[in-house]
1. Do you know which of the residues in segment 61-88 that are in contact with a strand residue (DSSP E or B) (Cβ under 9 Å, 6 or more places away or on another chain) and in a loop (DSSP other than H, G, I, E, B) is nearest to ALA46 (Cα to Cα)?
2. Within segment 82-98, which residues are surrounded by 12 or more Cβ atoms within 10 Å (Cβ to Cβ) and either touching a residue at least 24 places away in the same chain (Cβ under 8 Å) or more than 17 Å from ILE65 (Cα to Cα) (or both)?
3. Evaluate the following for ARG58: is it farther than 21 Å from CYS17 by Cβ and in a helix (DSSP H, G or I)?
4. Cβ-Cβ below 8 Å, separation at least six or inter-chain, first residue in segment 58-76 and in contact (Cβ under 8 Å) with a residue 24 or more places away in the chain and of a type in the set (S, T, N, Q), second surrounded by 18 or more Cβ atoms within 10 Å (Cβ to Cβ) and part of a loop (DSSP other than H, G, I, E, B): which pairs?
5. Can we say ALA101 is surrounded by fewer than 17 Cβ atoms within 10 Å (Cβ to Cβ), more than 13 Å from the chain's Cα centre (by Cα) and either of a type in the set (Asp, Glu) or modelled with pLDDT of 95 or more (or both)?
6. Has segment 64-80 got at least one residue that is of a type in the set (Asp, Glu) and at pLDDT 95 or above?
Amino acid sequence: MKRQLRCQTFEDKNLACSNVNTNVWGEKKWKLGAFASCDKKLRTEAISEGKRAVDVARELGSPSIGLWLGSDGFDYPFQINFTHQWDNLICSIREVAEYAAPDIKVGIEYKGPI
């Protein structure tokens, strides 16, 4: 119900939603990663959030979603198995992108050094 009201508000104001972002970094549970997490349960939750963003984008008429990998990755050599987590990241993003295809674009936001 709320989403319908939001869509109606967009139309009433002659606005459009250009992108829907996921939030897989703002909660403590994501502190060691989301899409690249070694914890299969957390990785599955992150993928579900990505798919939920796709659903919301479709409902709002947005052409894209955004993934920011703010909690994915580590800073120090030997801190994690980079190959394993890189594979997790690729598989997770691929699953979200396949769910989004062909109508919703998936953008990956740049994550620069702090």
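1. Per the stated criteria, the residue is LEU69.
2. Across segment 82-98, the qualifying residues are PHE82, GLN85, TRP86, ASP87, ASN88, LEU89, CYS91, SER92, ILE93, GLU95, VAL96.
3. no
4. If the second residue must be surrounded by 18 or more Cβ atoms within 10 Å (Cβ to Cβ) and part of a loop (DSSP other than H, G, I, E, B), the pairs left are SER62/ILE104; SER64/ILE104; SER71/VAL24; SER71/GLY33; SER71/ALA34.
5. Judged against the criteria, ALA101 is a match.
6. No, the conditions are met nowhere in segment 64-80.
This table checks each residue for (1) outside any loop (DSSP other than H, G, I, E, B); (2) within 28 Å of THR9 (Cβ to Cβ).
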{"site": "GLY33", "(1), (2)": "no, no"}
{"site": "THR44", "(1), (2)": "yes, no"}
{"site": "GLU49", "(1), (2)": "yes, yes"}
{"site": "ILE90", "(1), (2)": "yes, no"}
{"site": "LYS111", "(1), (2)": "no, no"}
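The values are calculated or read from the model by the stated rules, or taken from the named source; none is laboratory data. None of these values were measured; they are calculated from a predicted model. For neighbour counting, all protein chains shown are included, and Cβ atoms are generated from backbone atoms with ideal geometry for every residue, glycine included.
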